[in-house]
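The values are calculated or read from the model by the stated rules, or taken from the named source; none is laboratory data. Predicted, not measured: the structure shown is a model, and the values here were computed from it. Because the Cβ atoms are built from the backbone with ideal geometry, glycine has one as well, and the counts that use them run over all protein chains shown. Note: areas computed on protein heavy atoms with side chains; ligands, DNA, RNA excluded. Shrake-Rupley method; radii C 1.70, N 1.55, O 1.52, S 1.80 Å.
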Amino acid sequence: MENFIMYNPTKLHFGRGVMDGLGKVVAEYGKRVLLVYGGGSIKKNGIYDKAIQQLKSINAKVFEYHGIKPNPIIEDVDAAAELGRKNKVDLILAVGGGSVIDSAKIISITIPVNHTGWDFYSGKAKPKSSIPLVSVLTLAATGTEMNPFAVVQNKATQQKLGYGSDLTYNRHSFLDPENTFSVSRDYTAYGIADLIAHSLEAYFGAGEATLSDKLVFAIINEAKENGNLLLNDLVNYDLRAKIMYAATMALNQTTMYGRVSGDWGVHSIGHILSLLYDVAHGASLSIVIPAWMKFHKEKISARIAFLGQNVFGVKTADETIHAFEAYFKSIECPIRLSDIATGKESKAEILKVMNLNKVGGANHKLTNEDHAKILDLFW
Ligand code: NZQ
Ligand code: ZN
């Protein structure tokens, strides 16, 4: 087992009605609030009104930035940072899914400096401080509520990258499973695929960490046991709560301790599909996971088979891959690129951007030749 530091400063408020305590928490940081949200779902489902009510109760002065897109873009980060800087905000309140919260993380380190948000991704800038960030999560998937990572797209450089530091954690995250009742069936399923993918990226990382492996199995089994039930009962509190907690645990680093690293090869390829075809994040992963496993099958067949034994009760690597495909299909997630985005005519375009981004994992690296072979398995 590798040495590790366990550190997670986010205070997580989980359960029914937790937003009732939001105003008090916000007031700890000040009254000038940059409220960041997405395309308006929070106005339809009442979460916006709940947040505003809490902010009013402490007489906060609110500056709003909305319109953060799914697969968020760096231009929104810079525009929101400018609004926050100009109005000298004391804190950021992000209300939304991964796209909104990730953007808010980069906004929080961009406001104090004379840099663009992308400068942190390109290595031009290092954060020295951050504006406190409080979040209300509305979609269970990414784990952003309790990790330091923030994934943003830059169309100009054809990149979708992750960034994180000790300064990009949420100070507080509010998770009321009821706030996810209105998440559509497809995004609910993509969230389940995403949390499974996070568990797998840890499992296929380097190093031997048997307890972390067992946690991976437990999280995937929890998702499997409750995912299909939830898709047939979208306003079931207990099922929403179980999936929400599983998503948090899948990427709050609990499954990483004792490993050298995770892999993240599947994510790096999935990001290219989102960048090029605006594929929803979880949908990109349910396509890449089977292809990735098929490509690596000979090299790591025992590791894949061990996963299959613990998650599906099957014996071989082939059976495991087949079982993952069948599971993703059962929750109506795509498993081939032709299911959603594009046909084989796009191969050259995808390959070019995969090569440009040098996609691959920390443990299982991929060459340009590998990219072409793995890509063939997408259809
Ligand atoms: O735009 P709004 O109105 O917010 O609508 C969103 C969006 O259309 C909607 N939605 C969110 N909550 C809802 C809701 N609709 C109805 N009711 C609700 N309660 O759902 C759509 C998708 O939202 P988005 O935030 O994009 O989804 P998700 O949470 O899956 O986030 C995806 C982003 O996170 C990144 C992904 O790459 C992608 O850009 N990731 C972040 C990670 C992290 N920070 O650790 C790790 C992940 O692997 C991932 O890369
Ligand atoms: Zn993910």
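I need every pair where a residue in the range 31-43 that is away from ligand 1 (no atom under 16 Å from the Cβ) has its Cβ under 6 Å from the Cβ of a residue that is open to solvent by 90 Å² or more (accessible area, probe 1.4 Å), sequence separation at least 6 or different chains.
If the second residue must be open to solvent by 90 Å² or more (accessible area, probe 1.4 Å), the pairs left are Lys31/Lys61; Arg32/Lys61.
I'd like to know if the range 25-47 contains one or more residues that are open to solvent by less than 10 Å² (accessible area, probe 1.4 Å) and on the phi > 0 side of the Ramachandran plot.
No, because not a single residue in the range 25-47 is open to solvent by less than 10 Å² (accessible area, probe 1.4 Å) and on the phi > 0 side of the Ramachandran plot.
Assess whether Val134 counts as being within 16 Å of ligand 2 (Cβ to nearest atom), over 25 Å from Phe217 (Cα atoms), of a type outside the set (Gly, Ala, Ser) and open to solvent by less than 30 Å² (accessible area, probe 1.4 Å).
Considered against the rule, which asks whether it is within 16 Å of ligand 2 (Cβ to nearest atom), over 25 Å from Phe217 (Cα atoms), of a type outside the set (Gly, Ala, Ser) and open to solvent by less than 30 Å² (accessible area, probe 1.4 Å), Val134 comes out as no.
Would you check which residues across the range 187-204 are under 17 Å from Met293 (Cβ atoms), among the small types (Gly, Ala, Ser) and either within 10 Å of ligand 2 (Cβ to nearest atom) or under 10 Å from the mean Cα position of the chain (by Cα) (or both) and list them?
Correct list: Ala193, Ala197.
Just to be sure before I move on: is Ala104 away from ligand 2 (no atom under 16 Å from the Cβ), open to solvent by less than 10 Å² (accessible area, probe 1.4 Å), closer than 24 Å to Gly282 by Cβ and part of a helix (DSSP H, G or I) in the structure I sent?
Yes, satisfied.
Could you go through the range 194-217 and let me know if any residue there is within 12 Å of ligand 1 (Cβ to nearest atom) and not in a helix (DSSP H, G or I).
No, that holds for no residue.
Under 7 Å between Cβ atoms, which residue pairs at least 6 apart in sequence (or on different chains) link something in the range 287-314 that is open to solvent by 50 Å² or more (accessible area, probe 1.4 Å) with a partner that is at pLDDT below 95 and not in a loop (DSSP other than H, G, I, E, B)?
From the range 287-314, no pairs qualify.
Residues that are of a type in the set (Phe, Trp, Tyr) and out of contact with any Asp or Glu (no Cβ under 9 Å at 6 or more places or on another chain): which helices (runs of 4 or more DSSP H) entirely in the range 278-379 hold 2 or more of them?
317-330
Hey, among Thr188, Thr254, which residue is crowded, with 17+ Cβ neighbours inside 10 Å, assigned to a helix (DSSP H, G or I) and modelled with pLDDT of 95 or more?
Thr188
What number of residues within the range 330-359 satisfy the criterion of being open to solvent by less than 20 Å² (accessible area, probe 1.4 Å) and at pLDDT 95 or above?
8
Name the residues in the range 234-254 that are without any contact (Cβ under 8 Å) to a residue 24 or more places away in the chain and among the aromatic types (Phe, Trp, Tyr), would you?
Listed by number, the list is empty, since nothing qualifies.
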